[in-house]
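The structure appears right after this line, and notes come after that.
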């Protein structure tokens with residue numbers, strides 16, 4: 001076997017391993033999500049999550065050091081979810097993409113359920129150095145791209161550039177999620193964000 005063939009096989013193997021790892025992590029998160037709808041996340045054991053996901057505890061600890069890390073890393077799948085949702089919509093009007101982002105964001109949170117999302121935010125307060133939303137995250141970049149493109153080079157609001165407005169909007173929408181948690185998921189998060197979108201889309205008007 002030539003060196004090139006060995007490199008190709010190695011590359012294919014690593015690609016398959018990466019895909020498998022992603023699938024396992026999503027299965028673990030899905031299991032934790034389903035179980036948390038039945039009772040508190042704190043009362044769910046790692047063993048139960050593994051049984052529900054159809055994996056060994058060894059596989060769990062290969063991906064996550066603890067349930068706490070599962071909660072932190074689990075939200076990184078939001079970016080993967082967003083990528084899937086936006087795939088094929090790259091050429092849509094920016095306002096349409098923005099609406100799709102908000103719908104997907106709400107769907108993702110509601111699928112997790114308010115109890116699991118509230119645990120995530122509680123953990124964030126206990127670990128202030130952990131950053132869930134940074135400028136390089138896919139969801140923030142997608143939001144920024146929509147606003148920048150929709151405004152065609154002008155500031156969305158006088159004196160406020162697209163990046164500032166993107167950060168402001170995301171802080172607002174995250175605040176809506178926290179209000180939804182406080183109200184224990186008693187209203188539709190998707191409907192609420194869509195109502196807010198109708199108001200905020202006025203910033204795109206020249």
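Structure above, values below:
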read-out: Evaluation of residue 50 against (1) closer than 30 Å to residue 188 by Cβ; (2) crowded, with 18+ Cβ neighbours inside 10 Å; (3) outside the structural domain of residue 184 (by TED's automatic domain parsing); (4) modelled with pLDDT of 90 or more (one fails), failing number; value: (1)
read-out: Complete set of residues in region 152-167 that are at pLDDT 80 or above and out of contact with any strand residue (DSSP E or B) (no Cβ under 8 Å at 6 or more places or on another chain); value: 159, 160, 161, 162, 163, 164, 166, 167
read-out: Residue that is surrounded by 14 or more Cβ atoms within 10 Å (Cβ to Cβ), closer than 18 Å to residue 82 by Cα and under 20 Å from the mean Cα position of the chain (by Cα), where the choices are 168, 144; value: 144
read-out: Hits in region 183-194 - residues which are surrounded by 11 or more Cβ atoms within 10 Å (Cβ to Cβ) and in a helix (DSSP H, G or I); value: 189, 190, 192, 193, 194
read-out: Subset of region 13-47 (residues that are modelled with pLDDT under 85 and not in a helix (DSSP H, G or I)); value: 37, 38, 39, 40
read-out: Residue identified as within 30 Å of residue 152 (Cβ to Cβ) and touching a residue at least 60 places away in the same chain (Cβ under 8 Å) among 84, 79; value: 79
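The values are calculated or read from the model by the stated rules, or taken from the named source; none is laboratory data. Values in this document were obtained by computation on a predicted structure and should not be read as measured data. Please note: Cβ atoms are built from the backbone with ideal geometry, for glycine as well, and neighbour counts cover all protein chains shown.
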